[in-house]
Structures are given as structure tokens and as C-alpha cells.
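Asker: Take a look at this one; I'll ask things after.
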Amino acid sequence: MFRLSLWKTLSILGIVFLGFLFALPNVLPDSVLKQMPSFLPNKRVVLGLDLQGGSHLLWEVDKQALIRTLTQQLRGDVRQNLWNENKIRHTISVRKDGALVVTITDPDKVEKAAEILKKLSQPVQVGLFGTGGTAKEIEIAREGNRFILRYSQAGLDARIRRAVEQAIEVIRRRLDELGMTEATIQQQGPERIIVQAPGMKDPATLKKAVGQTARLTFQLLCEAQPTGQPGERVPAGCAEMPDAKNPAMKYWVQTSRRATVEGADLVDAQPAFDSRTGEPIVTFRFNQKGALRFGKLTQKNVGKPFAIVLDGKVVSAPVIQTPILGGSGQISGRFTVEETKLLAIILRSGALPAKLTIVEERTVGPSLGSDSIRAGVMASVIGLVAVLAFMIFTYGFFGIIADIALIANLGMLVGLLTAFQATLTLPGIAGIVLTLGMAVDSNVLVFERIREELRAGRSVLNALETGFSRAFGTILDANITTLIAAVVLYGLGSGPVRGFAVTLGIGIITTVFTAYTLTRLIVAFWVTTARPKTIPI
Amino acid sequence: MLKPIKLVPDNTNIRFMPWSRVAIIASTIAILVSIAGAVMLGLNFGIDFKGGTLIEIRTEGPANITELRKKIGKLGLGSFELQEFGDPRDILIRFETQPGGEKAQQNAINRVKAALGDKVDYRRVEVVGPKVSGELTKDGIIAVVVALLGVMIYIWFRFEWQFALGAVASLTHDVLLTIGLFAFTRMEFNLSIIAAILTIVGYSLNDTVVVYDRIRENMRRYKKKPLPELIDLSLNQMLSRTILTSLSTLAALLSLYFFGGEVIRGFTFTMIWGVLVGTYSSIFIAAPILIWLGAKLIPTDEEGKAAEVEAARP
């Protein structure tokens, strides 16, 4: 057992060496790291947001708002299909639970209407990768001449899935344009998105850039406008919308499709200044379809006021002076320069398919981050020295062997963390220090066993051999149980806690490896070279 | 050559098992007190589980808590807490979830910032919505239960069912006493404490498994020894290791506690407690339970008939 073949010895030492090689860039200064030949590993461990400072934002698709939007769209589709294309008279109302009730008032066209409505429902895939087959997106129930249309659960899920996918794309475009290229955007669960941006002092811009839906519409104002007197009622076909800068001020805006141009047809938006007043504005350009509609609308309504509406708020309400036929225009709304820059980016990147809300926020300022790094390094160094000293104190010469194994263990642990580019958090550092404390357990088990075997009267070689072989089963059992806890922790955890689970788990693997290979190798080397008569243990 | 020092002398023979009855009664009382404390006093849940907002600030000089309290009290944020955080300049501000959705939370943060002025360094802002905090609570409970079950299955697989039950009993003991500690000290119970509890489960189990391993080995070797004596023998044989490992782990943890910063102090404190309780429980809970459950070895093929004869004896 103490005759290790050369290749085994070399591979053990090789693995330890590789660990240190990958760990090395973490302690080298930048200047040295830059000059290193490129075949050497040059990556450092990734610091978590709690160490480098930054923002972690968890967003959730606002389902209720999405359902409302979908219902509005469905309503428009029904009207388009039944009346505009087939001249079937009908009424539509929205039930409280979000279902559409379509009543056909042409008695002889009910069957035709049933057929048309049926076609509105697209099949959607159910389950991951379509494993559950397909289901109808919209469920239609019929009661005589009344049809009740509602989104099925599968249909809704599919819509949410698509909304999240699209939202991630839009957010990525926005953050790229803002120069926040280090930010990561990830889906979490079916309806959530994590945005993490390192090094942010104040996440306000980030929140605005991600969270603004940016649905832009151009809508004609109603003839009547609110006067502020109590008991006023919003006229039919109009909606009340607040002013963007002054929420107390209200406008009545026409809601019909004829009076609306969607901002979805924008192809470009840029921050600029008004040539006459010098006021910061955003200029935009429509695509052909949008330009055509915008041209028609402005041509028909010269002299009337229209509202530029952003996410349900009126940015400004200018009067149409001349028809705008070229497909470009400008938005003014008492903006600051910063606001126009951000707005232009957001408009260019497109609107979010659904409203997103923040359900969790964790922001760490740079001062706390650097304090945490300093404290973590300090605790690691002192912890390491304490454990090293303790081992020499209790085991003397064998304590030094254990210490060499411990340092190799630490090198490999940091090396693996760096090679996998795992994220190191403050609890992760705690995991490393804890691993240092617990790692000596495997050596203690072996050494105690050797002591026992010596007491039982075994010879030097025999005691060493049985000590190692008998202790190993125990070491394995003890470590696998801790590994179970670490795996569960990883599954549960988010962010910092997960970082702890990672270092704990990797620490267990390197611990078992060093105990089984490196400590034995060192002892074997000592036995074959010094040929000891007694064991100083 | 460096002389090793034996913290536990050779041939130590402490009789643990006669004390086990006292220990188990004491532990049972401690568990009941812990449960009563947790039920009656409740835990001081952090925003991870309760929802709400946490702001850590650093003021220029030592913070004037009374003045800060006055300033924030004027904002009408409902119930809020101020707490010094490791340094007289560092203050934690915590307030409950504001009614009115996400906007209301962001508004509240902005109002606190406006009230405190810009001479204050905002070191940390955390907002946890009610939905997320509910999920974190559920996930936390599930994690602890899954870890206990996973461990039980592993030990059942590697040992016998008595061992599995004994291990889980001692782990449950550790978890409940830790929860009791939090009920009585009013320390903040947050997500990192769940991480600490799971690590305690791992550590305490590590200790228990090492002791069980030796008990099993001795069961094979001394087939006729009565179980209490056999357990005492095993515990004494492993005593040196138990103490050394606990001490070195404590050394690492104490270093973290004193130098690792305020953010993880609650976590390390819990771990230190866990190492002490876990070491105690593997000796005084996990081991004697084997006697009560009448642990015996089911012979494996290599052990032949001798063990079977032994096992058949009344």
C-alpha cells in the first residue's frame, strides 16, 4: 500500500499542481497577469454581487395586466372577424373573470359565427417541449346564440412563456444600448426574470431601463375634456389618462382603433433638441405601415389635438398643425436631456410584451462589498493559521503532513472554483473557512486510527497501513452525508447561499481526494526514505 | 522532532451511557422549552421570510439612533426597526412591506433616502415582496425536511434502521434547539440561518456517522459485549477525534465570527452553536438511542454463522 507506482504518484502531484495553477491568478497582481503567456490559466474567480457590489433584481410578469391586454386583443379580433369581414351583428361584453361574452344578434348567422370563432383558437403545446400534446388556446362555450370565450390555462401559460422570452430579448437590447454589457439576464421559473448588474451604486436607471413597458401610442383627444367638476363622466369611447409629469391633470383620450396609431411600428428613435425652442426631445421614425396610418390620421384631423401616450400616461398633447406624411415626428414633454436619452433607447429597443414588476431586490454598495472582501480574506488567513497551528500542536510531525495536505486542499478548492468560474460570495468564503476547519477531520481520523493500531501492538508499517485503510470507509461515510446537505442547500439556494453550497460541496470533494491520495503519498515518501522504527504520533 | 500532545490520554474510559438517561431527559426538556419558545414568542424573522425592506447605511460619524428614529418615524412607514450593525456608524433600517405593490416599496426607499440626506452611504438595500418571502419560507422548510430524509435514507442504506432513526432523532434535536436559541435570543432569523442549520445537520451527522461506524465495527468484533458497554468503548475510542475535529472547526468558525464581518456574524454564531450541540447530541442522543431501539447487526455473508447465533440469542 505504500508502494505507489510512479504514474500514480505523478498523477496525484499533477492534479494538485493543476489546482494551484488555476488558483494562481487570484493572488497575482494585474500587471503580472497581463504578461503571462496565454496558454496559462488567467481567469480569476468570479465575485458575487455581495462582494463586488451591484444589483440583483427579480422581475415577474404581471399576469393580471397580461390577461387584460390579451382580452382586449381578443375583443378586437372578434370584432374584426365577425363584423368587418363578415358583417355579423353582435355585442361583446367582458365578464369579471376576464372571459368575453359574444352575443350574436343576427339569428340566422349564429352557425356561421360559431365557425368563425372556432378558427380564432390556435392549438398550443402543453408541457415542456410539447410533451403533453396540444390544447386549445381559447376555450369556447356556447349557450344558444351566446359564446363565452376565454383563454385556457395552457393558452395562458404559452402566452406567458412567449412574453418572458420576448421580454428577455428586449431587456438585453436595452441594457446593451445603455452600455451595461456586464449585466446578466436569466429566466427563473415560468414567469420571472433575474437581472444582475455588477458595480451599480444606484440601481434607479437600471430599474427604469428594465421595467418601463414603453408602449407608445398616438391617440386623438376627445371633443370634451375634463373640467375638474365633481360628478363628471368619461364620455363613451374615451378613456381618462393622467399627465405624465402631473398626475393630477387628466385627459380624455379616444380609444377606438381608428383614432389610434401604435408605436410598435417605430423603426428608430433618437434624443435631440427642438430646433426652435432648444428643448430636449425624442425624434422617431415609423416603418412604412406606421407612416401610412400616421399620415392618414393626421391628414384627417388637422387642427385637432392628439395625445402621445406612453404606458397609459399622456406625455404631451399637441395640436396637429399639418399632416405628417413622411413618417417621422418628435415627442416633447418637458424632458431632461437624460430622460430623452433613456427614452430613445427604450423606444428603439421595443416595448415589453407585458408589464414587469420587481418582486425582490438586493443591492449592495461598493463600500460594503470591499469591506466584505477584506473581512473575508482576513478571516480566511487567521482561520487557516489557527487550524495549521492547532494541527502541529496536537500531532507534531504528522501535523505538518496534515498541514501540507490542508494547503493543497485549499489550493485545489480555489483552483476548482476558478476553473469552473463559480461565483464566490461572502457565505462562499465562509464555506471555504469552514472546509478548512472540517477538512482536518479526515487526517484526524487516519492519525487516531494509527495511534490505536500502534497501541494494539502492530508494527510501524502495519499500523500505518491499517490506519489508512480502516479510516477511509469512515471518511467517505462522514463526507457523503455532508455532501447531501450541500446538494440540498444548492437546490434551495439563491445567490449568496448557493455560493456557500458550492464551496462546501467542492471542499468536500477536494478533502476526500487529499486525504485518500496526498496524505498517503507524503506518508509513503517518509516511510520509504526515513525507514522509521517508531511513529511520532 | 516535534512532540505531539495528546489532548485525550490513551485508555480513557469515561462511562457515558449511565449518564444518557439524565442527558436525554435534559435534552427533552430543552426541546420542549425550545418548541414552546418558538410557538409563544415566535421567531424574529428577517425580511427574507416576512417580506419588507432592509437598508444598511453608514453615517459620517457615530450614528445618532434617536434622531434617525425620529426622522424615519415621521415618514409613516408602519412598524420599523433601527439597529446598530457591528459599528457605531453602521445602522440597519428595516420596515414592513408597504401597502400598494412594488411602487410603494420603491417610494418608501426614496422617501427614506430623502429624509436622511445624501451624506449617508447606502451600503445595502434589500426588498423582498410578500410572494417571494412566502416561497422562501416554503423552500426553507422543504430543504430542511429533504436534507433530513436524504440523510436518513443514506444511513438506512449504509447501516440498519435503528441507526437511521437515531441519527435523525439527534439531528432533529439539533435543529429544534437551534430554533429555540433564535426564539429566546431574538436574533434575526433569515435565509443564511437556514443555510447554517443545514450545515449543522451536515456537521452533526458527520460526527454521528463516525461514532456509528465505530459502534458497528465493535459490534462485529466483540459479539458478546452488552450494547451499553460497547457504545461506551466506541465513544471513548473516538473521543480524541471528536474533540480534535470540534476544536479545529471551532477555531475556523471563531476566526469567521470575529473577523468575517457583521453580515455573516449571525450565520457563524449559529454554526458555533451547532458544532457544540451537534457534538453533544452524537454522544448523548444518537448513541443511547441505539440501546433503546435494540440495535443489532444483521450478519453479512462474510461474517458467517457465528453472528447469526449471537443475534438469535435473547
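What follows is calculated from the coordinates using simple rules that are stated; it is not laboratory data. If you're wondering where the values come from, they're calculated on a predicted model, not measured in any experiment. We place every Cβ from the backbone using ideal geometry, glycine too, and count neighbours over all the protein chains shown.
Asker: Net charge within 14 Å of A:ASP97 by Cβ-Cβ distance, Lys/Arg positive one each and Asp/Glu negative one each, not counting A:ASP97 itself?
Answerer: Details: positive: A:LYS63, A:ARG68, A:ARG95, A:LYS96, A:ARG150; negative: A:GLU139.
Computed value for this residue: +4.
Asker: I would also like to ask the following. Once amide H atoms are built 1.01 Å from N in the peptide plane, which residues 5 or more positions from A:VAL267, or in another chain, come under 5 Å H to H?
Answerer: A:ARG285, A:PHE286, A:ASN287
Asker: While we're on this one: Mind checking the range B:171-280 for trypsin sites (Lys or Arg not before Pro) that DSSP puts in a loop (not H, G, I, E or B) and that have at most 15 other Cβ atoms within 10 Å?
Answerer: Details: sites: B:ARG186, B:ARG214, B:ARG216, B:ARG220, B:ARG221, B:LYS223, B:LYS224, B:ARG241, B:ARG265; in loops: B:ARG186, B:LYS223, B:LYS224.
When the trypsin sites (Lys or Arg not before Pro) of the range B:171-280 are filtered for loop state and at most 15 Cβ neighbours within 10 Å, B:ARG186, B:LYS224 remain.
Asker: Rg and Dmax of the range A:274-318, Cα atoms, in Å?
Answerer: Over the range A:274-318's Cα set, Rg and Dmax evaluate to 12.4, 31 Å.
Asker: Rounded to the nearest 0.05, what FRET efficiency do B:LYS131 and A:ARG173 have when you use their Cβ-Cβ distance and R0 = 25 Å? Show your work: numbers first, answer last.
Answerer: Working: r = 28 Å, r/R0 = 1.11.
Taking R0 as 25 Å, the efficiency between B:LYS131 and A:ARG173 is 0.35.
Asker: Note the angle between two axes, namely the Cα long axis of helix A:519-530 and the longest principal axis of the Cα atoms of chain A, as a number of degrees from 0 to 90, rounded to the nearest 10.
Answerer: With rounding to tens, the tilt is 20 degrees.
Asker: Keeping to pairs on different chains or 8 or more places apart, tell me how many lysine pairs in the range B:1-146 have Cα atoms under 20 Å apart.
Answerer: Close lysine pairs under the 20 Å cut-off: 12.
Asker: What does the charge add up to near A:MET249, with Lys and Arg as +1, Asp and Glu as -1, over the other residues with Cβ less than 13 Å from its Cβ? If you can, show how the numbers build up before the last one.
Answerer: Working: positive: A:LYS245, A:LYS250, A:LYS313, A:ARG334; negative: A:GLU240, A:ASP243.
Computed value for this residue: +2.
Asker: Subtract the Cα-Cα distance of A:ALA389 and A:THR205 from 0.36 nm times their separation in residues, and report this length gain in nm to one decimal. Let's see the in-between values first.
Answerer: Working: separation 184, 0.36 × 184 = 66.24 nm, distance 5.02 nm.
Contour length minus the Cα-Cα distance gives 61.2 nm.
Asker: By a straight-distance test (C-alpha under 26 Å), which lysines pair with A:LYS304 as possible cross-link partners, with residues fewer than eight away in the same chain excluded?
Answerer: In chain and number order, the partners are A:LYS245, A:LYS250, A:LYS289, A:LYS296, A:LYS313.
Asker: Ok, one more. On a C-alpha basis, how far is the centre of the range A:147-202 from the centre of the range B:213-238 in Å? Whole number, if you could?
Answerer: For the range A:147-202 versus the range B:213-238, the Cα centre distance is 60 Å.
Asker: Something else: By counting other Cβ atoms within 10 Å of each Cβ, how are B:ASP207, B:ASP213 ranked from fewest to most?
Answerer: Working: B:ASP207 27, B:ASP213 24.
Sorted ascending by nearby Cβ count, the order is B:ASP213, B:ASP207.
Asker: Where does helix A:337-349 land angle-wise versus the long Cα axis of chain A, in degrees 0 to 90, nearest 10?
Answerer: Around 90 degrees separate the two axes.
Asker: How long is the protein assembly as shown along each principal axis, judged by its Cα atoms, biggest number first, in Å?
Answerer: 109, 66, 60
Asker: Per-residue mean of other chain beta-carbon atoms within 10 angstrom of the beta-carbon, peptide A:446-454? Provide the component values of the computation, followed by the final result.
Answerer: Details: counts 1, 4, 9, 3, 0, 5, 4, 0, 1.
Mean number of neighbouring Cβ atoms from other chains: 3.
Asker: Among the lysines, select those whose C-alpha is under 22 Å from the C-alpha of B:LYS225, and discard any that sit fewer than 8 residues away in the same chain.
Answerer: Result set, ordered by chain and number: B:LYS296, B:LYS305.
Asker: May I ask for the angle, rounded to the nearest 10°, between helix A:6-23 and the longest principal axis of chain A, with both axes built from Cα atoms and the value confined to 0 to 90°?
Answerer: Approximately 40 degrees, to the nearest 10.
Asker: Please list, or write none, the lysines whose alpha carbon is within less than 25 Å of the alpha carbon of A:LYS43, excluding same-chain residues fewer than 8 places away.
Answerer: Here the lysines satisfying the reach criterion relative to A:LYS43 are A:LYS34.
Asker: Taking the Cβ of A:ALA405 as the center, what net charge do the other residues with Cβ under 15 Å away carry, scoring Lys and Arg +1 and Asp and Glu -1? Display every interim value, and only then the final one.
Answerer: Values: positive: A:ARG520; negative: A:ASP403, A:ASP441.
After counting each charged neighbour, the total is -1.
Asker: Computed FRET efficiency, Cβ-Cβ of A:ALA224 and A:GLU338, R0 35 Å: what is it to the nearest 0.05? Display every interim value, and only then the final one.
Answerer: Working: r = 36 Å, r/R0 = 1.03.
With R0 = 35 Å, the Cβ-Cβ based efficiency is 0.45.
Asker: What FRET efficiency, computed as 1/(1 + (r/R0)^6) with R0 = 41 Å and r the Cβ-Cβ distance, is obtained for A:PHE273 and A:ASP30, rounded to the nearest 0.05?
Answerer: Working: r = 42 Å, r/R0 = 1.02.
Efficiency computed from Cβ-Cβ geometry: 0.45.
Asker: Here is a further query. If you average over every viewing direction, what projected area does the convex hull of the Cα atoms of the range A:63-158 give, in nm²? Could the numbers behind the result be given before it?
Answerer: Values: hull surface 25.0 nm².
Projected area, direction-averaged: 6.3 nm².
Asker: Starting from one equal scatterer on each C-alpha and no solvent at all, send me the Debye-based log10 I(q)/I(0) for the range A:273-409 at q = 0.14, 0.16, 0.20, 0.22 Å⁻¹, two decimals.
Answerer: Debye curve over Cα of the range A:273-409, log10 I(q)/I(0) at q = 0.14, 0.16, 0.20, 0.22 Å⁻¹: -0.84, -0.97, -1.23, -1.35.
Asker: Next question. Quick one: how many lysine pairs does the range A:78-221 have with C-alpha atoms less than 13 Å apart and a gap of 8 or more or different chains? Give me the count, please. Mind showing how you got there, number by number?
Answerer: On the way: A:LYS87/A:LYS109; A:LYS87/A:LYS112; A:LYS118/A:LYS136; A:LYS119/A:LYS136.
Counting lysine pairs in the range A:78-221 gives 4.
Asker: Could you tell me the center-to-center distance, by alpha carbons, between the range B:67-116 and the range A:22-48 in angstrom?
Answerer: Centre-to-centre distance over Cα atoms comes out at 42 Å.
Asker: A further question follows. Taking the Cα centre of the protein assembly as shown as origin and charging only Cβ (+1 Lys, Arg; -1 Asp, Glu), how large is the dipole, in debye to the nearest 20?
Answerer: Details: 94 positive and 74 negative charges, 226 e Å.
In debye, rounded to 20, the protein assembly as shown gives about 1080.
Asker: Let me ask another. Around A:PHE273, which amide H atoms from residues at least 5 apart in sequence, or from another chain, sit under 5 Å from its own amide H, with H modelled in the peptide plane?
Answerer: A:ILE281
Asker: 222 nm [θ] for chain A, helices only, -39500 (n - 2.57) per DSSP H run of 4+, per residue, to 500? Before the final figure, lay out the partial values.
Answerer: Working: 15 runs with 262 residues, N = 537.
Using -39500 (n - 2.57) per qualifying helix, the result is -16500 deg cm²/dmol.
Asker: Summing -39500 (n - 2.57) over the DSSP H runs of n ≥ 4 in chain B and dividing by its residue number, what mean residue ellipticity at 222 nm do you reach, to the nearest 500 deg cm²/dmol? Provide the component values of the computation, followed by the final result.
Answerer: Values: 11 runs with 204 residues, N = 314.
My calculation for chain B gives -22000 deg cm²/dmol from helical runs alone.
Asker: Please compute, over every Cα-Cα pair in chain B, the percentage with a separation greater than 23 angstrom. Mind dumping the intermediate values first?
Answerer: Values: 32052 of 49141 pairs.
That fraction is 65 percent.
Asker: List the trypsin sites (Lys or Arg not before Pro) within the range B:20-75 that DSSP assigns to loop and that have no more than 15 neighbouring Cβ atoms inside 10 Å. Walk me through the intermediate numbers first.
Answerer: Values: sites: B:ARG21, B:LYS50, B:ARG58, B:ARG69, B:LYS70, B:LYS71, B:LYS74; in loops: B:LYS74.
Passing sites in the range B:20-75 are B:LYS74.
Asker: Treat every Asp and Glu Cβ in the range B:43-107 as -1 and every Lys and Arg Cβ as +1, leave all other atoms uncharged, and give the resulting dipole magnitude about the Cα centre to the nearest 20 debye.
Answerer: On the way: 9 positive and 10 negative charges, 59 e Å.
Dipole size: approximately 280 debye.
Asker: I would also like to ask the following. Check every DSSP H run in chain B and write down those whose alpha carbon atoms cover 18 angstrom or more along the long axis and whose mean Kyte-Doolittle hydropathy is -0.5 or greater. Could you put the intermediate results ahead of the total?
Answerer: Working: long enough: B:17-40 (34 Å, 1.72); B:101-116 (23 Å, -0.66); B:130-158 (42 Å, 1.13); B:161-185 (36 Å, 1.31); B:191-221 (45 Å, 0.47); B:227-259 (45 Å, 1.04); B:265-281 (23 Å, 0.79).
Membrane-span-like by this criterion, though nothing is claimed about a membrane: B:17-40, B:130-158, B:161-185, B:191-221, B:227-259, B:265-281.
Asker: Where the centroid of each part is defined by its Cα atoms, how far is the range B:153-211 from the range A:242-265 in Å?
Answerer: The two parts, judged by their Cα centres, are 60 Å apart.
Asker: From the square roots a ≥ b ≥ c of the eigenvalues of the alpha-carbon gyration tensor of the range B:52-128, which class results: rounded (a/c under 1.5), prolate (a/b over b/c), or oblate? Before the final figure, lay out each step's value.
Answerer: Numbers: a/c = 1.77, a/b = 1.66, b/c = 1.07.
It is prolate, given that a/c is not under 1.5 and a/b is the larger ratio.
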